[in-house]
Amino acid sequence: LVGNVYAADGGQRLVAVADTRLRLVGEIIPPYDALGLVQGKVSGIAFGPLGEVYLSDPINGRVYRYDAAGRFISSFTGGEDAGWGQLIQPAGMTTANAGSELYVCDPGKRQIAVFDPTGMPLRVFGGTDLEEPWAIAVGPYGQCYVADRKGQAICIFSEQGRLIEKLDGPPVGSGRWLGPT
């Protein structure tokens, strides 16, 4: 599925896969529960170095992992009483360091959780520096750019998770960010 376009469709609870001409070539659906119903909804998508696909489900607090062909491999989770390194409400995601790390925004815990490709927690950061982290990108030198929706800012963190700068946009009335995602 490498070279295709992936689009999360939270309304249908799936990811549509299209070729570069945007012709539908497949779909990835989160696992079904015991009643045969699709669980949760898809919020974020990230890709591993071998074409693995990670989908976040903020409703159930889960991240699903698929192989390059779209077959379900595993999931990892947290829940309402999630401890360190577990998720409550995973949203935007990205991979870094040649796919060896998966960064997951968790607005429910006001933090970024970093996992290895199998879902083992490595570190967390954010906390009091974030209000509602929704999306993330990692720069070439490991800096993390986090869209803080409720905080109305883009926060830049070092690779170790230290806040470097908070960009809260232009003054009110001249296009100030009102919830970057």
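Below, the figures for the structure above:
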item	result
Residue satisfying all of: in the stretch 40-62; under 16 Å from A7 (Cβ atoms) and open to solvent by 60 Å² or more (accessible area, probe 1.4 Å); modelled with the highest pLDDT among these	F47
Scan of the stretch 134-149 for residues that are farther than 12 Å from Y103 by Cβ and outside any loop (DSSP other than H, G, I, E, B), ordered by number	W134, A147, D148
Selection count where residues are closer than 17 Å to A135 by Cβ and at pLDDT below 75, scope the stretch 167-179	4
Any hit, the stretch 147-166, residues being at pLDDT 90 or above, closer than 22 Å to E52 by Cβ and either in contact with a helix residue (DSSP H, G or I) (Cβ under 7 Å, 6 or more places away or on another chain) or not basic (K, R) (or both)	no
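Residues checked against (1) in a strand (DSSP E or B); (2) free of Cβ contacts under 8 Å to residues at least 24 places away in the same chain; (3) crowded, with 19+ Cβ neighbours inside 10 Å:
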| residue | (1), (2), (3) |
| --- | --- |
| Y64 | yes, no, yes |
| A69 | no, no, no |
| L102 | yes, no, yes |
| K109 | no, no, yes |
| A113 | yes, no, yes |
| T118 | no, no, no |
| T128 | no, yes, no |
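The values are calculated or read from the model by the stated rules, or taken from the named source; none is laboratory data. What you see is a predicted model; the values in this text were computed from it and never measured. Reconstructed Cβ throughout: ideal geometry from the backbone, glycine too, with neighbour counts over all protein chains shown. With ligands, DNA and RNA removed, areas are computed over all heavy atoms of the protein, side chains included. Shrake-Rupley method; radii C 1.70, N 1.55, O 1.52, S 1.80 Å.
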